[in-house]
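Report on the following structure.
We did not get these values from a lab; they are worked out from the coordinates using the rules stated. Since this is a predicted model, take the numbers as computed values, not measurements. All Cβ positions, glycine included, derive from the backbone under ideal geometry; neighbour counts span all protein chains shown.
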Amino acid sequence: MIQQTVHPGLSLSRLGVGCWPFGGGDYWGDQNQKDVDAVVCRAIELGLNVFDTARMYNDGASEVSLGKALKGFRDKAFVISKVSPAKAYRKTLREECEASLKGLGMDYLDMYMLHWPINPLGVKHFTSDPGVIANPPTIAEALETLSALKQEGKIGFIGISNFGIRQMREAIGLCPEIAVNEMPYNIISRAIEAEIMPFCAEHRIAVISSMTLQQGVLTGLYKSAAEVPAHQAHSRHFSMETGKGTSRHGEAGAEAEIFETVDVLREIASELKISVAQLSIAWALANPGIGSALIGARNTRELEENVRVLSLKLPVEAKERIDRVSQRVLDKLGSKADYYENTRNSRIY
């Protein structure tokens, strides 16, 4: 089954296309538009409908690139974009929505998400404006504006991203129509399993998983932390030394446990005659709490390899073995779902 109903009236493909690299930029490097066009076209041919972007991705270039690639396919795509918590005032949120629509070349978004919870630390990472930091938007005005945009037909569904239990309780108290919470989730990022995922299931909020391959770590591309590019090693998974000045968490990381896990993934993938990436995606999809898992693809070869996992049923013993070895990572990193801040100072709560 390629698509499934994850929320009343909402059907998403089990795999979605993460569009952060589209348009090219400093983080992921150049991205050829012809390859983007081919990936998007092939994804739709294979039955995928989720395309996830944001205004902050490559300063809007991701939206522009996705919009070009979706020419002629708009009715087959479920397009998600996001607004920064620093731009979630009534006026600026509307302006950001209009800018996203203009960049995409569309007259509506299928879903519009608040990219991070609104709190002082979260806002600070999106702006240096002292006035915004001192007087950030309120969650009430953000959700009221999203509801108004939905009523006006500018957006189809309202989503949130990176919200914890307390933050979700507040949000659904103000806006019961929230349909999705997008959260990092993968073999070495399992913090949402204990509380956030069950809460979402109880309240009929679908979970879209980002970072399904942990920016390449779960493809088996790297054999040690030293091989991971510093700008992709700024999460709590890695030590401050590995992050080389890009990290802000101040913690020790879980590098030994992570690469022990990756070694086991290589063994299992070899036994099953699949790639490490396919195995990692299959593991994420084996959790019934995941409505759609986002994957990146720089070309159609990568896309097709990843999509083949939809016909794979992960053996129970393989999943249990992965669960056991990756539990050591979970024990080391803890249950805080913010993987970039110190565990005592999480933006997610």
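Overview of values
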quantity	calculated
Dipole of the chain, positive end: most advanced residue of 243, 137, 212 [Cβ charges, Cα centre]	137
Orientation-averaged projected area, Cα convex hull of the range 229-349 (nm²)	8.5
Share, in percent, of DSSP beta bridges within the chain that are antiparallel, nearest 5	15
Gain upon complete extension [residue 74, residue 127; 0.36 nm per residue less C-alpha separation]	15.8 nm
Under the Karplus curve 6.51 cos²θ - 1.76 cosθ + 1.60, θ = phi - 60°, whole-Hz ³J(HN,Hα) for the range 14-30, x wherever Gly or Pro sits	4, 10, x, 9, x, 9, 3, x, 4, x, x, x, 5, 6, 9, x, 5
Within the range 234-333: Cβ-based charge dipole about Cα centre, in debye rounded to nearest 20 (Lys, Arg +1; Asp, Glu -1)	280
Kirkwood hydrodynamic radius of the chain, Cα pairs, Å	20.4
Placed amide H near residue 110: partners under 5 Å, 5+ positions off or other chain	79, 156
Candidates 54, 148, 206: whichever shows maximal mean-square fluctuation once the chain is modelled as a Gaussian network with Cα springs under 10 Å	148
Efficiency of FRET between residue 226 and residue 90 - r from beta-carbon atoms, R0 56 angstrom, step 0.05	0.75
For the range 279-349 versus the range 1-40, the gap between their alpha-carbon centres in whole angstrom	17
Residue with peak Gaussian network fluctuation, the chain [Cα springs, cutoff 10 Å], from 234, 125, 249	125
Compactness index (Cα Rg / 2.2 N^0.38 Å), the range 101-152	1.34
The chain: relative contact order in percent, alpha carbon pairs under 8 Å with at least 6 residues between	18
Candidates 126, 78, 238: whichever shows maximal mean-square fluctuation once the chain is modelled as a Gaussian network with Cα springs under 10 Å	126
Estimated FRET transfer efficiency when R0 is 30 angstrom, pair residue 11-residue 144 (beta carbons, to 0.05)	0.65
All lysines inside 26 Å of residue 150 as judged from Cα atoms, apart from same-chain residues fewer than 8 positions distant	68, 71, 76, 82, 87, 91, 102
